[in-house]
Amino acid sequence: MLIDTVAWVRTEEGRILCARPRGKNVFYIPGGKREGVESDLETLVREIKEELAVLIDPVTAAHVGTYEAGAPGLPDGTVVRMACYTADYQGELVPSSEIEETAWFSYADRDRVPLVDQLLFDDLKSWGDLV
């Protein structure tokens with residue numbers, strides 16, 4: 001089974017924006033699951049507007065990488081695929097009703113995110129984007 005997701009990579013001053021959904025104790029890179037035949041960018045724009053109340057500028061979107069990993073609590077053989085993009089945005093970052101809190105994580109916070117997110121953290125660290 002494949003869980004197909006798209007994520008927004010927003011780094012500032014060596015930290016990456018992460019969000020914790022209501023009722024969960026794990027932080028994630030903001031984004032979510034594709035609906036129907038949505039493109040990566042359509043999914044990204046919709047999910048980030050829903051989660052953080054900002055408008056992603058799809059013209060500025062750049063693919064960072066696509067990562068795959070299993071996850072605890074999912075059926076055996078389930079893989080999470082996360083297509084990651086940077087992009088500019090308009091508006092003020094405000095957690096929506098589905099997001100309990102946001103935080104800016106450094107590489108030291110790597111163990112606070114799921115395995116697939118940790119792969120992104122590793123690349124960002126190697127590229128000098130995370131402290």
Inset, instruction - For residues that are under 15 Å from the mean Cα position of the chain (by Cα) and part of a loop (DSSP other than H, G, I, E, B), scanning just segment 97-128, find the one that is modelled with the lowest pLDDT. - result: Glu98
Legend entry - Positions within segment 58-96 being under 15 Å from Gln118 (Cβ atoms) and exposed (fewer than 12 other Cβ atoms within 10 Å of the Cβ), in sequence order: Pro72
Inset, instruction - Pick out the one residue from Arg10, Arg15 that is charged (D, E, K, R), in contact with an Asp or Glu (Cβ under 9 Å, 6 or more places away or on another chain) and modelled with pLDDT of 95 or more. - result: Arg15
Legend entry - Counted residues, segment 12-48 - those being among the hydroxyl-bearing types (Ser, Thr, Tyr) and within 11 Å of the chain's Cα centre (by Cα): 1
Legend entry - Selected residue (criterion: nearest to Leu44 (Cα to Cα)) from residues of segment 1-29 that are touching a Phe, Trp or Tyr at 6+ places or on another chain (Cβ under 9 Å) and among the basic types (Lys, Arg): Arg10
Legend entry - Lone qualifier among Val9, Val37, Val45 - being touching a strand residue (DSSP E or B) at 6+ places or on another chain (Cβ under 7 Å) and either within 26 Å of Lys125 (Cβ to Cβ) or exposed (fewer than 14 other Cβ atoms within 10 Å of the Cβ) (or both): Val9
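The values are calculated or read from the model by the stated rules, or taken from the named source; none is laboratory data. Just so it is clear, the structure is predicted and the values come from calculations on it, not from any experiment. We place every Cβ from the backbone using ideal geometry, glycine too, and count neighbours over all the protein chains shown.
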